1. For the chain, what does the helix formula give at 222 nm: sum of -39500 (n - 2.57) over DSSP H segments with n ≥ 4, over the residue count, nearest 500 deg cm²/dmol?
2. Give me log10 I(q)/I(0) at q = 0.20, 0.25, 0.27 Å⁻¹ for the chain, Debye formula, one equal scatterer per alpha-carbon, no solvent.
3. For the chain, what are the DSSP H helices with axial Cα length of 15 Å or more and mean Kyte-Doolittle hydropathy of at least 1.0?
Amino acid sequence: MEELLEILEDIDPDIDYTTADHLIDGKLLDSFSIVSLVSEIANTFDIEISPKYLVPENFNSAAAMWSMICRLREEE
């Protein structure tokens, strides 16, 4: 989870990712940030994030992203 938080903080250090639970719905992350985030997560955790996982529920919080990462690791 620490690696994920580092990725998120590199994208926007002004957001408190440990408590934010509306990153997409609250428009805290823009489309460019999301593209960068997906790429960084895929590279860092050596996973493929298929389009079916690109839904707000998986990116609204660091906890949701971590849950998705764990699921994808198990599938590979």
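Here, each number is a calculation from the coordinates, and none is a lab measurement. Just so it is clear, the model here is predicted, and its values are computed rather than measured.
1. Numbers: 4 runs with 43 residues, N = 76.
When only DSSP H runs of four or more count, the value is -17000 deg cm²/dmol.
2. -0.80, -1.33, -1.60
3. Numbers: long enough: 31-45 (21 Å, 1.18); 62-75 (20 Å, 0.16).
Membrane-span-like by this rule: 31-45.
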